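The values are calculated or read from the model by the stated rules, or taken from the named source; none is laboratory data. Since we're looking at a predicted model, the values are computed, not measured. Note that each Cβ is placed from the backbone with ideal geometry, even for glycine, and that neighbours are counted across all protein chains shown. Side chains are part of the model used for accessible areas, which takes the heavy atoms of the whole protein and leaves out ligands, DNA and RNA. Shrake-Rupley method; radii C 1.70, N 1.55, O 1.52, S 1.80 Å.
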Amino acid sequence: TLSSPFFLPFTSTGAFQYLQTRTEGTLRSLSRALQFLSIEFLWTLVAEILRFCTGEEMAGSVDMVGGGGRSEKVKVAATCLLLAAVGISLWGLYFGDGEAKQWRGMLRRKKKKAIRVYMDGCFDMMHYGHCNALRQARALGDELVVGVVSDAEIIANKGPPVTPHHERMVMVKAVKWVDEVIADAPYAITEEFMKKLFEEHSIDYIIHGDDPCVLPDGTDAYALAKKAGRYKQIKRTEGVSTTDIVGRMLLCTRERSVSETRQSHSSLQRQFSHGHSQKFEEGGTGSGTRVSHFLPTSRRIVQFSNGKGPGPHARIVYIDGAFDLFHAGHVEILRIARGLGDFLLVGIHNDQTVSAKRGTHRPIMNLHERSLSVLACRYVDEVIIGAPWEISKDMITTFNISSVVHGTVAENNDFEKEESNPYAVPISMGIFKVLDSPLDITTTTIIKRIVSNNEAYQKRNEKKSQSERRYYEDKTHVSGD
């Protein structure tokens, strides 16, 4: 039978919907014919086994059922074998060829030891580049264990982190490719820690990206893992890094007063969300900010998507926002929202809408970057890329939305005072609900952390940007991502 093509142009799952041709009827008919042949073979096999065990001549598979004059032991043996033969045949008839293969595959997987891989990182201001690295690492094994480096280790090796350890733990645990998390991991893989990974956590391989990770003394942080033959490498995600994102915010604080009077609103918004300024283009160093090389592709969206729509009777919960600088506050409200239904649909506003509502230098990250960060969250089932600011009755009907939710901690909590309340329709329908936000964190909170410690982050970025530049100057193609 042919499955009908189904396309959702503005959703992540839309990328998954391809036309597939299946010939189930023919395959099932062939499978059942083979099963009937196997029944005939099993009857013959039973007869041969009985003749071998008893030394008696048997007339054939039909006489075997009558069996008059044979010993009770032979009758019992025959009955057991017949029941087994019939049971196996019926099982084969009930399950198609595909289902039988799945059962065999499950049995083989149970016997086979799971390959456990380990990846560590600071995961400061976690972004879609981190998530893509974890996705690639997970693909190299069956279970992914992630080590989150402690605040003290980051300060000693890189400079002050923007997000504290407990927030970084929330972020990493929420990534859908992560199976386990180790807190306060060391920055470098030492002999002692590597032994702990192998013996206590049953790790088979240690994973890192193709960009060098050098300690303050100039040595490779993964030298011991490489020497042990337990190291595997993945491809670095192009176009984003924590250094790049921090640089965008430093650019914002430095140029806000001058640029708003000299450049147009659209020009500023475009510069900031792409991570560069006129000074950088003219050859200046800026604050370690480089031009963003992020190139969104349909394949990347497919890799991050779940590829599954809601069931026919699923309760669909909708929540929208900018989700700029995706942080622990976002993760926690998404977790609560997901618990209210069977399917969580997240609307992500486009760059122009965010800029109009939040100010000239917003968003920090562009629409595609923000969409990938949200898609990587295990609580999210689907995203609408470029969702409308106002939720209409038509939209609620189209996506079969059961409830619309909003957190108490958000940057647009004055929506009720606006002339056109974006939630007016769901409120009138009685499906709108305000949720208590577990964490008092917003995108502005993150930006203020950078601003309040501007000098320290400026120095950190200038140092880090040198290695970033060297990586892009010397990089070669790495296949597979």
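Values as computed for the structure displayed
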quantity	calculated
Residue under evaluation P212, criteria (1) open to solvent by less than 50 Å² (accessible area, probe 1.4 Å); (2) modelled with pLDDT under 85; (3) closer than 23 Å to L140 by Cα, criterion not met	(1)
Condition met for S420 (surrounded by fewer than 22 Cβ atoms within 10 Å (Cβ to Cβ), in contact with a strand residue (DSSP E or B) (Cβ under 6 Å, 6 or more places away or on another chain) and not in a helix (DSSP H, G or I))	no
Residues of segment 383-405 classified as closer than 22 Å to D440 by Cα and either open to solvent by 10 Å² or more (accessible area, probe 1.4 Å) or assigned to a loop (DSSP other than H, G, I, E, B) (or both), total	0
Residue among E192, E153, E180 that is surrounded by 13 or more Cβ atoms within 10 Å (Cβ to Cβ), over 28 Å from I447 (Cβ atoms), charged (D, E, K, R) and without any contact (Cβ under 8 Å) to a residue 60 or more places away in the chain	E180
Number of positions in segment 301-326 that are over 20 Å from R338 (Cα atoms), open to solvent by less than 40 Å² (accessible area, probe 1.4 Å) and within 15 Å of the chain's Cα centre (by Cα)	2
Within segment 120-143, tally of residues that are assigned to a strand (DSSP E or B) and surrounded by fewer than 24 Cβ atoms within 10 Å (Cβ to Cβ)	2
Flag for D184 being in a loop (DSSP other than H, G, I, E, B) and acidic (D, E)	no
Output for segment 352-372, where each listed residue is open to solvent by 10 Å² or more (accessible area, probe 1.4 Å) and either on the phi > 0 side of the Ramachandran plot or in a helix (DSSP H, G or I) (or both)	Q352, T353, A356, K357, R358, G359, L367, H368
Test for V380: is it part of a loop (DSSP other than H, G, I, E, B), modelled with pLDDT of 95 or more and either open to solvent by less than 60 Å² (accessible area, probe 1.4 Å) or at negative phi (or both)	yes
